[in-house]
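The next block holds one structure in the form of structure tokens; read it before the comments.
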Amino acid sequence: QPEQLEQSAYSFEISVRPPFSWEFLVKFWSSRLIPHVESIVDNVYYRSVLIGEHRGWISVGPSDKPCTCRLRISSELSSELNSVMARVKNMIDSRADPSEIVRHLGGCSLLKPKLARVPGLRLPGAFDGFECGVRTIVGQQISVKAATTVAGRIADRFGEPTIDFPPSLTRTFPLPSTLA
């Protein structure tokens, strides 16, 4: 079923400056996935999306082209393509210049070995600013694992159910107005 869903979605390529470590981003996100809202399957990140009244899903993964990600956006989000594209570019820090990062941080003896282990280091972002804020508040006094569990409970209680999404995505994260 995920293959059929992805075939009917819009597909885009997002270029990033080399070097690029998709594996670093996936590793970062994998320990922070909100259950039922986000998943990683076969090295591809999936998430449900709710922007205003528009509900759909996206997938982001490596492309066959070097230093490029493939973004798929469900057709239900067709009126939000620009917004979704901008949010995903933020998530993968597509505007980062890895050589500048190394230039500025590489002089630190503590950071230099870490930079060498992850060429193309960039700052993993979040898809939604409000969701990121909720995650930050929830995570202030507990572990990352506990915070993702609480965020999943928030989505299960206040998020909207999904229909015809990839199987692991059964809820959306609630809008600010819903939580208010």
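The values are calculated or read from the model by the stated rules, or taken from the named source; none is laboratory data. Bear in mind the structure is a predicted one, so any value in this text is a computation, not a measurement. FYI the Cβ positions are ideal-geometry reconstructions off the backbone, even for glycines, and counts take in every protein chain you see. Ligands, DNA and RNA are stripped out before the accessible areas are found, and what is left, the full protein with its side chains, is counted by its heavy atoms. Shrake-Rupley method; radii C 1.70, N 1.55, O 1.52, S 1.80 Å.
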Inset, instruction - From Val144, Val134, Val150, grab the single residue that is in contact with a Leu (Cβ under 9 Å, 6 or more places away or on another chain), among the β-branched types (Val, Ile, Thr) and either modelled with pLDDT of 90 or more or open to solvent by 40 Å² or more (accessible area, probe 1.4 Å) (or both). - result: Val134
Legend entry - Members of segment 5-37 that are in contact (Cβ under 8 Å) with a residue 40 or more places away in the chain and charged (D, E, K, R): Glu6, Glu13, Arg17, Arg32
Legend entry - Residues of segment 74-116 classified as of a type in the set (Asp, Glu), open to solvent by 50 Å² or more (accessible area, probe 1.4 Å) and within 17 Å of Ser11 (Cβ to Cβ), total: 1
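Might you let me know whether segment 20-41 holds any residue that is among the aliphatic types (A, V, I, L, M), in contact with a Leu (Cβ under 9 Å, 6 or more places away or on another chain) and within 23 Å of Ala147 (Cβ to Cβ)? Let's see the steps before the verdict.
If we filter segment 20-41 for residues that are among the aliphatic types (A, V, I, L, M), which is where we start, we get 25-26, 33-34, 37, 40-41.
Those left that are additionally in contact with a Leu (Cβ under 9 Å, 6 or more places away or on another chain): 37, 40.
Retained after the next criterion (residues that are within 23 Å of Ala147 (Cβ to Cβ)): 37, 40.
For segment 20-41, residues among the aliphatic types (A, V, I, L, M), in contact with a Leu (Cβ under 9 Å, 6 or more places away or on another chain) and within 23 Å of Ala147 (Cβ to Cβ): present.
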Legend entry - Number of the condition not met by Phe173 [criteria: (1) at pLDDT below 95; (2) open to solvent by less than 70 Å² (accessible area, probe 1.4 Å)]: (1)
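Answer with yes or no whether Lys89 is of a type in the set (Lys, Arg) and within 30 Å of Arg157 (Cα to Cα). Working first, answer last.
Numbers: of a type in the set (Lys, Arg): yes; within 30 Å of Arg157 (Cα to Cα): yes.
Judged against the criteria, Lys89 is a match.
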Inset, instruction - For Ser48, work out the one condition from (1) under 25 Å from Thr148 (Cα atoms); (2) of a type outside the set (A, V, I, L, M); (3) surrounded by fewer than 19 Cβ atoms within 10 Å (Cβ to Cβ) it doesn't fulfil. - result: (3)
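Is it the case that segment 59-78 has a residue that's within 17 Å of Pro174 (Cβ to Cβ) and touching an Asp or Glu at 6+ places or on another chain (Cβ under 7 Å)?
Narrowing segment 59-78 to residues within 17 Å of Pro174 (Cβ to Cβ): none.
The answer is no; no qualifying residue exists.
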